[in-house]
Amino acid sequence: MAAEANALTSVDQQRPRKPLGQIFVEKGLLTEVSVQRLIAHAKSKNIRLGELLEVIGLVTPDELAKSLAIQYRCGNIHDFARYSYAPAVLRTIPIEMAVAHSIFPLKADADRVALAVADPTMDQLFQKIAAKNDLKPILYVATRTEISRAVARHYLGQAILEPKPKTILLIEDDTLVRDMVARILTRKGYFVETAVDGMDAFGKIFNMKPMLVIVDKVMPKLGGYDFLFAIRNIPELRYMPVILITAAATPDEEKQALENGFFDLVLKPVKEVGLLTRVQRAFESSEKLYGKAG
């Protein structure tokens, strides 16, 4: 796998950490002047410096992961989805926790568990994991994309596929609604992959790389809002348009959905004209970001 991770000992916690901006400067990724300006901008937006740099493209996800590993004195790991993992190791982290917090168990022995994490600052979560498993967490920093691919493959059994053009991931637990919407979209030439809930969809989204997601608001596992929040933490999915299917049509519902990042809403019962209009608008938005679909 990767080289040995450094344990997060109490001594490590007491030593001052090198600022992330300083690490970027030392690596030659940024200048001191630009770091100061970016820190001020991140504070004004109430977001972390690393998140800002990744969003605006000044550092890659891999560069951020490597720098966080230096800052928090832990390991760095990549390309780990291709390995095999024992069921007992996967059981140390429930699937819901893995999805919500971008965390993946790599190895466990008598008193330690190695974890791939995107955010090494989640001390309370790591303490919870330690108490539940009676194992000391050893952290490796990885990109959210790499962790999500590992979760999709090893928890959800999804193989990595080549992306297809004009793809839509439809997430709906009602069989009649799911089949009807899929038929409407397929007749118009879209390639539609379906999922029965947000957890099922989470495994598929990394394999098919859709240009659009349509998701029901209320589902038994990972509903529409929770699914949106989960994928918005992943850089390559952050700007993918997501349309919410909902039975509610109040102004407050629409305002809440748009403010939380949904591209648009489709009301139940689903009408063909309204659905296709919103899908076309979403694809036009995707084409501006990623180029025209084939």
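The values are calculated or read from the model by the stated rules, or taken from the named source; none is laboratory data. No experiment lies behind these values; they were computed from the predicted model shown. Neighbour counts run over all protein chains shown; Cβ positions are idealised from the backbone, glycine included.
Check whether at least one residue in region 241-252 is at pLDDT below 85, in a helix (DSSP H, G or I) and surrounded by 15 or more Cβ atoms within 10 Å (Cβ to Cβ), and report yes or no. No: region 241-252 contains no residue that is at pLDDT below 85, in a helix (DSSP H, G or I) and surrounded by 15 or more Cβ atoms within 10 Å (Cβ to Cβ).
In summary, helices (runs of 4 or more DSSP H) completely within region 129-225 and bearing 2 or more residues that are surrounded by fewer than 17 Cβ atoms within 10 Å (Cβ to Cβ) occur at 175-187. Taking region 1-20 as the range and being out of contact with any Ser or Thr (no Cβ under 9 Å at 6 or more places or on another chain) and either within 20 Å of GLY57 (Cβ to Cβ) or at pLDDT 50 or above (or both) as the test, the residues that pass are GLN14, ARG15, PRO16, ARG17, LYS18, PRO19. Of everything in region 85-100 that is outside any helix (DSSP H, G or I) and touching a residue at least 24 places away in the same chain (Cβ under 8 Å), the residue that is surrounded by the most Cβ atoms within 10 Å (Cβ to Cβ) is ILE93. Those residues that are touching an Asp or Glu at 6+ places or on another chain (Cβ under 9 Å) and under 18 Å from ILE77 (Cα atoms), I need them from region 101-113; list them, please. Passing the criteria: HIS101, SER102, ILE103, PHE104.
Number of residues in region 29-75 that are on the phi > 0 side of the Ramachandran plot and modelled with pLDDT of 90 or more equals 1.
Looking only at region 132-140, decide whether some residue is touching a Phe, Trp or Tyr at 6+ places or on another chain (Cβ under 8 Å) and among the aromatic types (Phe, Trp, Tyr). Among the residues of region 132-140, not one is touching a Phe, Trp or Tyr at 6+ places or on another chain (Cβ under 8 Å) and among the aromatic types (Phe, Trp, Tyr), which makes the answer no. Taken across region 42-53, residues that are in contact (Cβ under 8 Å) with a residue 60 or more places away in the chain and not aromatic (Phe, Trp, Tyr) do not occur at all. Taken over region 107-128, the criterion of being out of contact with any helix residue (DSSP H, G or I) (no Cβ under 7 Å at 6 or more places or on another chain) and not in a loop (DSSP other than H, G, I, E, B) is satisfied by ARG112, ALA114, LEU115, VAL117, ASP123, GLN124, PHE126, GLN127, LYS128. For region 101-125, residues that are more than 21 Å from THR145 (Cβ to Cβ) and surrounded by 19 or more Cβ atoms within 10 Å (Cβ to Cβ) total 2.
Among the numbered conditions (1) within 22 Å of the chain's Cα centre (by Cα); (2) free of Cβ contacts under 8 Å to residues at least 60 places away in the same chain, the only one that TYR140 does not meet is (2). If you check LEU258 against the conditions, is it free of Cβ contacts under 8 Å to residues at least 40 places away in the same chain, surrounded by 20 or more Cβ atoms within 10 Å (Cβ to Cβ) and over 14 Å from the mean Cα position of the chain (by Cα)? Against the criterion (free of Cβ contacts under 8 Å to residues at least 40 places away in the same chain, surrounded by 20 or more Cβ atoms within 10 Å (Cβ to Cβ) and over 14 Å from the mean Cα position of the chain (by Cα)), LEU258 does not qualify. Go through region 179-216 and give me each residue that's free of Cβ contacts under 8 Å to residues at least 40 places away in the same chain and not β-branched (Val, Ile, Thr). Passing the criteria: ASP179, ALA182, ARG183, ARG187, GLY189, PHE191, GLU193, ALA195, ASP197, GLY198, ALA201. Sort out which residues of region 21-76 are over 25 Å from GLU236 (Cβ atoms), in a loop (DSSP other than H, G, I, E, B) and among the polar types (S, T, N, Q), and write them in order of number. Listed by number, the list holds a single entry, THR31. Could you tell me whether GLU284 is closer than 26 Å to GLU96 by Cβ, over 17 Å from the mean Cα position of the chain (by Cα) and part of a helix (DSSP H, G or I)? For GLU284, the condition - closer than 26 Å to GLU96 by Cβ, over 17 Å from the mean Cα position of the chain (by Cα) and part of a helix (DSSP H, G or I) - is not met.
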